[in-house]
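Structure first, then comments.
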Amino acid sequence: MHFVLVLATLPLAAFAALNGRCTGSAATGKWGESGICVKTSTCNSYGGSYTTGACPNDPADVKCCLVGITPNAATQPCGADSWCTWTANGCLGRWISNHCPGGSNYKCCNI
């Protein structure tokens, strides 16, 4: 019982999980809204751009990635006027699966 109490009082490190939202100090603006923490090789394979400092305490090769949004808006993952984002953000067009890294809650929005 004492062990559980000690663990409860220790501060927890902030982890941005692999395939999770970007949460670090650099997760501002579009990086925090639509960024996903993935390996840099994964981000590159989707034509994305990544930034450092938005996926705290993750391995060095895990960065916050944007696909289809400035600074790399030229990459349109599922057709003209498209980008990858979290489904919770909503999409004024239609969701298209299998064009973005991450799980089923991170998809391509095509307007």
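Among the residues that make up segment 66-75, is at least one of them modelled with pLDDT of 95 or more and in contact with an Asp or Glu (Cβ under 8 Å, 6 or more places away or on another chain)?
no
Quick check on segment 13-63: of everything there that is among the aromatic types (Phe, Trp, Tyr) and closer than 20 Å to Thr75 by Cα, which residue is nearest to the chain's Cα centre (by Cα)?
Trp31
Condition first: surrounded by 12 or more Cβ atoms within 10 Å (Cβ to Cβ), without any contact (Cβ under 8 Å) to a residue 40 or more places away in the chain and either within 19 Å of Asn44 (Cα to Cα) or out of contact with any Cys (no Cβ under 6 Å at 6 or more places or on another chain) (or both). Now tell me which residues in segment 82-92 satisfy that.
Ser82, Thr87
Looking for something within 22 Å of Gly90 (Cα to Cα), of a type in the set (Asp, Glu) and either surrounded by 15 or more Cβ atoms within 10 Å (Cβ to Cβ) or modelled with pLDDT of 90 or more (or both) - is there at least one such residue anywhere in segment 44-61?
no
The values are calculated or read from the model by the stated rules, or taken from the named source; none is laboratory data. Computed from a prediction, not measured in an experiment: that's the story for all the values here. Positions of Cβ are generated from backbone atoms using ideal geometry, with glycine treated the same way; all protein chains shown enter the neighbour counts.
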